[in-house]
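Written out below as structure tokens is the structure these notes cover.
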Amino acid sequence: MVTQTAQPAISVTIPGPATPYQGDIARYWDHEARPVNLRLGDVDGLYHHHYGIGAVDDSAFAGAQGGDREAKLIGELHRLESAQADLLLDHLGPIRRDARLVDAGCGRGGSMVMAHHRFGCSVDGVTLSAKQAEFANRRARELDIDASVRAHVCNMLDMPFASGQAQASWNNESSMYVDLHDLFAEHARILAPGGRYVTITGCWNPVYGQPSKWVSQINAHFECNIHSRREYLRAMADNRFVPQAIIDLTPATLPYWELRATSSLTTGIEDAFLNSYRNGSFQYLLIAADRI
């Protein structure tokens, strides 16, 4: 019989104000190394932490077999997730080269790189994960854009930026880790009057009645708390955000999930997304709002 010695818990320090839950989330993402995130990013060096939209181009891997087919399928999944980031950036509106943008929940920094390449401006990202911030900052140095693109280890509810400093900000599939009223109060603080905020997020559909069992599975898998569509709109209104666009991306994201479910990168959560999108209990939304 082999006696196993209990390993001490790894300490993760994040700037306050922090809760035990936020410490748990920091540990979760510090230890996350899913192939689905890393292998997709390896396609072209843009490392995302979100899903994809758009029609699948079957010709991208038609006729391919074995490992060649899988590599091309992964390339197509990555194209769809970069298309999602492009759509978010489209809704930021005209951005000045001297502007500052803020990515709240920046992950490994793929969207920050895309934003800088598109607009030529400064982009700051925030994440609870020191590991993610280190990865994003290393990529910025490798791309020689570290003077303009930087990830910070901090709480998105208490960002280290002066009030009214940002022209635009966003959450890309990261708002389910925080209280929405606190989140939008902080975005309202850092944005200049007239600044633009955009989110792409999964939310449960209040028309369904309550979160479905599939939504509960997604919450448990990612250790998050998915909000309803109604909660987003109410919290925005309470914090001086006026929606300019609300787009249901659910039909556009289904092809990504259907393709991912056939790949080697499955994580076991694919059926929960597919079933909840198909039965109407879960929606994939883009909301763009101006801070008044």
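The values are calculated or read from the model by the stated rules, or taken from the named source; none is laboratory data. All values reported here derive from a predicted model rather than from experimental measurement. For neighbour counting, all protein chains shown are included, and Cβ atoms are generated from backbone atoms with ideal geometry for every residue, glycine included. Side chains are part of the model used for accessible areas, which takes the heavy atoms of the whole protein and leaves out ligands, DNA and RNA. Shrake-Rupley method; radii C 1.70, N 1.55, O 1.52, S 1.80 Å.
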Self-check item: Positive minus negative residues near GLY110 (Lys, Arg vs Asp, Glu; Cβ under 9 Å)
Solution: +1
Exercise. Write down the radius of gyration of the chain and its Dmax, each obtained from C-alpha positions, in Å.
Key: 18.9, 67
Exercise. Place the peptides 220-229, 149-158 in order of packing, highest mean first, counting for every residue the other Cβ atoms within 10 Å and averaging per peptide.
Key: 149-158, 220-229
Quiz item: By how many nm would the segment from ALA55 to ALA130 lengthen if fully extended, with 0.36 nm per residue of separation less the alpha-carbon distance?
Solution: 23.5 nm
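How much length would be gained if the chain were fully extended between HIS221 and LEU254, taking 0.36 nm per residue of separation minus their Cα-Cα distance, in nm to one decimal?
10.0 nm is the gain from fully extending HIS221 to LEU254.
What's the local net charge at VAL56, with K and R +1, D and E -1, over the other residues with C-beta under 11 Å away? Mind showing how you got there, number by number?
Details: positive: ARG79, ARG260; negative: ASP57, ASP58, GLU76, GLU258.
Taking every Cβ under 11 Å from that of VAL56, the sum is -2.
Give me the number: length gained by fully extending ALA185 to ALA83, i.e. 0.36 nm times residue separation minus the C-alpha to C-alpha distance, one decimal in nm. Please list the in-between numbers first.
Numbers: separation 102, 0.36 × 102 = 36.72 nm, distance 2.88 nm.
Between ALA185 and ALA83, full extension yields an extra 33.8 nm.
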Exercise. Work out the length of the dipole vector of the chain about its Cα centre, built from +1 on the beta-carbon of each Lys and Arg and -1 on the beta-carbon of each Asp and Glu, and round it to the nearest 20 debye.
Key: 400
Self-check item: Cα centre as origin, Lys/Arg/Asp/Glu Cβ charges: region 10-150 dipole, Debye
Solution: 320
Quiz prompt | Cα gyration tensor shape for region 95-179, rounded if a/c is under 1.5, else prolate or oblate | solution = oblate
Self-check item: Whole-angstrom gap from region 206-273 to region 16-88, using each part's C-alpha centre
Solution: 16
Self-check item: Rounded accessible area per residue of the chain, 1.4 Å, Å²
Solution: 44
Quiz item: Under a point-charge model restricted to the Cβ atoms of Lys and Arg (+1) and Asp and Glu (-1), what is the dipole moment magnitude of region 109-259 relative to its Cα centre, in debye to the nearest 20?
Solution: 200
Exercise. Could you sort 119-130, 190-201 so that the peptide with the highest average Cβ count within 10 Å comes first and the rest follow in order?
Key: 119-130, 190-201
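May I ask for the Rg/Rh ratio of region 209-250, computed from Cα atoms with Rh as the Kirkwood radius, given to two decimals? Before the final figure, lay out the partial values.
On the way: Rg = 12.8 Å, Rh = 12.1 Å.
A ratio of 1.05.
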Quiz item: When the Karplus curve 6.51 cos²θ - 1.76 cosθ + 1.60 is applied with θ = phi - 60°, which whole-Hz ³J(HN,Hα) does each residue of region 40-52 get, with x for Gly and Pro?
Solution: 5, x, 5, 4, 9, x, 9, 9, 9, 9, 8, 9, x
Quiz item: When only C-alpha pairs under 8 Å and at least 6 residues apart count, what is the relative contact order of region 174-237, in percent?
Solution: 46
Quiz item: Once every DSSP H run of n ≥ 4 in the chain is given -39500 (n - 2.57) and the sum is divided by its residues, what mean residue ellipticity at 222 nm do you get, rounded to the nearest 500 deg cm²/dmol?
Solution: -12500 deg cm²/dmol
Self-check item: Mean separation of Cα contacts under 8 Å (6+ apart) over length of the chain, as relative contact order %
Solution: 19
Exercise. Output the relative contact order of region 159-285, whole-number percent, from Cα pairs under 8 angstrom with separation of 6+ residues.
Key: 31
Quiz prompt | Amide N proximity, region 183-203 versus ALA245 label position 7 Å along Cα-to-Cβ, cut-off under 12 Å | solution = 197-200
Quiz prompt | DSSP beta bridge pairing in the chain, given as percent antiparallel to the nearest 5 | solution = 45
Quiz prompt | Neighbour net charge for ARG79 - beta-carbon separation under 11 angstrom, K R +1, D E -1 | solution = -4
Quiz item: What percentage of the solvent-accessible surface of the chain, computed with a 1.4 Å probe over protein heavy atoms, is contributed by carbon and sulfur atoms?
Solution: 51
